[in-house]
1. Quote the FRET efficiency, to the nearest 0.05, computed for Ser96 versus Leu15 with a Förster distance R0 of 35 Å and r equal to the Cβ-Cβ distance.
2. Ratio of alpha-carbon Rg to the 2.2 N^0.38 Å globular estimate for the chain, to two decimals, please.
3. Summing +1 for each Lys or Arg and -1 for each Asp or Glu, what net charge is found among the other residues whose Cβ lies under 15 Å from the Cβ of Arg126?
4. If you place +1 on the Cβ of every Lys and Arg, -1 on the Cβ of every Asp and Glu, and leave all else neutral, what size is the dipole of the range 57-137 about its Cα centre, to the nearest 20 Debye?
5. For Phe131 and Asp45, what does the FRET efficiency come to when R0 = 41 Å and r is the distance between their Cβ atoms, rounded to the nearest 0.05?
6. What value does the range 57-137 have for Rg/Rh, both radii from Cα atoms and Rh as Kirkwood defines it?
7. Say the dipole of the chain comes from +1 at the beta carbon of Lys and Arg and -1 at that of Asp and Glu; which of Leu20, Thr42, Phe80 then lies farthest toward its positive end?
8. Ranking request for peptides 57-63, 19-25: highest mean number of other beta-carbon atoms within 10 Å first, then the rest in descending order.
Amino acid sequence: MKLEYYRQQIAEQGLRGDDLVRYIDEVAKKDRPSAIVLWSETPFDERAQAEMDAVDAAKLSIPELELMSQAAFDVNNAKFHQSVYQEAKRRSALLSSMTQRHSLFEADRLLAQQKTKQASEIYLARLEEAFLFLTPE
């Protein structure tokens with residue numbers, strides 16, 4: 001929800017150039033994961049990678065790991081997600097959402113290696129889970 005709020009503010013204020021940079025820098029002070037996603041959606045997308053490179057997953061709280069996992073998924077950065085996932089796993093703090101995102105990145109990797117059957121099985125399993133979650137009993 002916060003990310004959508006930030007997007008609306010950028011659109012409503014017509015932020016561009018230096019004004020956009022200042023706005024996202026302010027967002028980053030209080031909500032780094034959202035700032036990473038915002039950077040990735042701008043002409044300054046290299047800043048998203050710089051922000052991800054600067055993250056030390058070992059110093060993040062468990063809720064911050066979850067937020068960074070979502071940010072990595074939103075910007076489609078498997079390498080960054082892997083570091084967040086491994087840290088959560090090391091702490092025995094994996095959440096089902098992190099595990100699901102990790103499996104989708106794995107399916108993408110398998111698909112890139114033309115292992116379509118294995119990738120399809122993962123995608124279908126995630127779809128089935130989503131369907132079961134959304135289906136009222």
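Taken together, the values in this text are just the output of simple stated rules run on the coordinates, not laboratory data. Note that the structure is predicted; figures quoted are calculated from it, not measured. Glycine also receives a Cβ, built like all others from the backbone with ideal geometry; neighbour counts cover every protein chain displayed.
1. Details: r = 36 Å, r/R0 = 1.02.
My answer for the efficiency is 0.45.
2. Numbers: Rg = 16.7 Å, N = 137, 2.2 N^0.38 = 14.3 Å.
In units of the globular-protein estimate, the chain measures up at 1.17.
3. Working: positive: Arg101, Arg109; negative: Glu106, Asp108, Glu121, Glu128, Glu129.
Computed value for this residue: -3.
4. Values: 10 positive and 10 negative charges, 86 e Å.
Rounded to the nearest 20 debye, it is 420 debye.
5. Numbers: r = 33 Å, r/R0 = 0.81.
FRET efficiency, Phe131 to Asp45: 0.80.
6. Numbers: Rg = 13.6 Å, Rh = 13.3 Å.
Rg/Rh: 1.02.
7. Ranked along the dipole, the leading option is Phe80.
8. Working: 57-63: 12.6, 19-25: 15.6.
In decreasing order of mean packing, 57-63, 19-25 become 19-25, 57-63.
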